[in-house]
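Undergrad: Dropping a structure here in structure tokens format, bear with me for questions.
The values are calculated or read from the model by the stated rules, or taken from the named source; none is laboratory data. Just so we're clear, the structure is a prediction, and the values are computed from it rather than from any experiment. Glycine gets a Cβ as well: all are built from the backbone with ideal geometry, and neighbour counts include every protein chain shown.
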Ligand code: BG6
């Protein structure tokens, strides 16, 4: 069944950082896909902005190369590509200076009432300058929106500075703080699973759930981003945003509706209920790791320090945490989070492990009765599995076995899934903020992260090393096993 495509209103999309990686890898291909399916009306323009001296034709060449590189051949169409490229224009702007702003304003003035999306795909330290420049250029119309990429700051204090700078120019309803995990198909499915089924909600509490695990594992290393990454680390790069957002969606109370503020109010309550990890507690419930050389997908790979070209670094490329949510629903059912680079495989999933049965009617020969588990696989191989105990088929008495009820998206839905960025860009155009982070969410998440970073820095201990291609330092396994639990393994 083909998905329904509802055409959006015409818009002007202004991509700051127009020659950068995000624009080439995600934004241009994403917009191309939406154009291909007919979601983008003819008047829509896409304007690249950067410091490089290019003209419209040169940026179109860059865009053509980006689409050829990042859109599979069977999803390309020569006529659509030409139509798409014809929408593109380029303006050279010195965002810290005066040059170029007037030209940008002139181009936008051709359609004064049109929706304007200013997408800041630039280095985070330029966000304030760009917003101030947009204000001076007089282009922040009532129909303007700004999309702010992570990282939003490196701490609560620096996040506030960014939020103040953006908020000085745009109203909160115009600000779209993007977390691309919220645009992933299965992440949204989490809401469908929880709130469109009567089955799970009565069990969704510490009385029935033993614990939750959220794993976002990557097999790649820092891939030429060592400069940015070394100032960040896994806690800032992944946990402060993606993993905490996933945690919020799993743990939040049912919102009254899917209105942006109804959902974001509930997520905020979860963030506020997180038990602070401070002082000595940090050493007990957090694990930091850094990969050493080992095995990658295509053969041996260097360690993080080799990639960085430095003899040492305190930056973690892996983190595992035990998190407690101090509220009525979740007290007593912890959430274990882990994320890292150069791990054994690329897999992101949420595992809800239910409590064991209270009493077994089976004799010992039936074998162990394992707890039910709901596994929501975000990537790759998106799907949902519900692990249940059944009788092993055939004669030979009652032997029990745990098997998954398995719903694979690829098998169930043949059509292509939109990439997270595609979906989120269309939400920006529609003005729907449900899948974007509100200022208070971002700042509350930082307020919880800051003490962990401070305690790590104060301890002076380096991160524990792990071999590339493994599941991180053994301390991460000990973190969960100490509580009599284990990390989920596929097929387990
Ligand atoms: C980004 C991080 O936000 O998410 C990267 O900065 C990480 O370090 C990426 O690799 C992972 O995203 P995805 O969609 O590939 O899981």
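Undergrad: Mind counting the residues in region 109-149 that are surrounded by 19 or more Cβ atoms within 10 Å (Cβ to Cβ) and within 27 Å of the chain's Cα centre (by Cα)?
TA: Number satisfying all stated conditions: 17.
Undergrad: Return only the number of the condition from (1) in contact with a helix residue (DSSP H, G or I) (Cβ under 8 Å, 6 or more places away or on another chain); (2) outside any helix (DSSP H, G or I) that residue 239 does not satisfy.
TA: Failing condition for residue 239: (2).
Undergrad: Residues 412, 434, 465: which one is touching a residue at least 40 places away in the same chain (Cβ under 8 Å), more than 16 Å from the ligand (Cβ to nearest atom) and either in contact with a helix residue (DSSP H, G or I) (Cβ under 6 Å, 6 or more places away or on another chain) or within 30 Å of residue 6 (Cα to Cα) (or both)?
TA: 434
Undergrad: Going through region 173-191 one residue at a time, which ones are away from the ligand (no atom under 16 Å from the Cβ) and either assigned to a strand (DSSP E or B) or over 13 Å from residue 250 (Cβ atoms) (or both)? Spell out how you get there, then give the answer.
TA: Let us first name the residues in region 173-191 that are away from the ligand (no atom under 16 Å from the Cβ), namely 173-175, 191.
Once the filter is applied, which keeps residues that are away from the ligand (no atom under 16 Å from the Cβ) and either assigned to a strand (DSSP E or B) or over 13 Å from residue 250 (Cβ atoms) (or both), region 173-191 yields 173, 174, 175.
Undergrad: Please verify whether residue 332 is in contact (Cβ under 8 Å) with a residue 60 or more places away in the chain and on the phi > 0 side of the Ramachandran plot, treating the condition exactly as stated.
TA: The answer is yes for residue 332.
Undergrad: Six or more apart or on different chains, Cβ under 8 Å: which pairs go from a residue in region 206-220 that's more than 13 Å from residue 350 (Cβ to Cβ) and assigned to a strand (DSSP E or B) to one that's modelled with pLDDT of 95 or more and more than 16 Å from the ligand (Cβ to nearest atom)? Could you list them?
TA: 210/333; 210/353; 210/354; 210/355; 210/356; 210/371; 210/485
Undergrad: Let me ask another. Is it true that some residue in region 208-228 is surrounded by fewer than 16 Cβ atoms within 10 Å (Cβ to Cβ) and farther than 25 Å from residue 464 by Cα?
TA: The answer is yes; a qualifying residue exists.
Yes or no, residue by residue, for (1) touching a helix residue (DSSP H, G or I) at 6+ places or on another chain (Cβ under 6 Å); (2) farther than 23 Å from residue 269 by Cα:
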site: 310; (1), (2): no, yes
site: 317; (1), (2): yes, yes
site: 325; (1), (2): yes, no
site: 328; (1), (2): no, no
site: 333; (1), (2): no, no
site: 337; (1), (2): yes, no
site: 346; (1), (2): no, yes
site: 352; (1), (2): no, no
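Undergrad: Related question: Report, by residue number, each residue of region 136-161 that is without any contact (Cβ under 8 Å) to a residue 40 or more places away in the chain, within 12 Å of residue 439 (Cα to Cα) and away from the ligand (no atom under 16 Å from the Cβ).
TA: 161
Undergrad: If I filter region 5-19 for residues that are out of contact with any helix residue (DSSP H, G or I) (no Cβ under 7 Å at 6 or more places or on another chain), assigned to a helix (DSSP H, G or I), in contact (Cβ under 8 Å) with a residue 12 or more places away in the chain and at negative phi, do I get at least one hit?
TA: No, every residue in region 5-19 fails to be out of contact with any helix residue (DSSP H, G or I) (no Cβ under 7 Å at 6 or more places or on another chain), assigned to a helix (DSSP H, G or I), in contact (Cβ under 8 Å) with a residue 12 or more places away in the chain and at negative phi.
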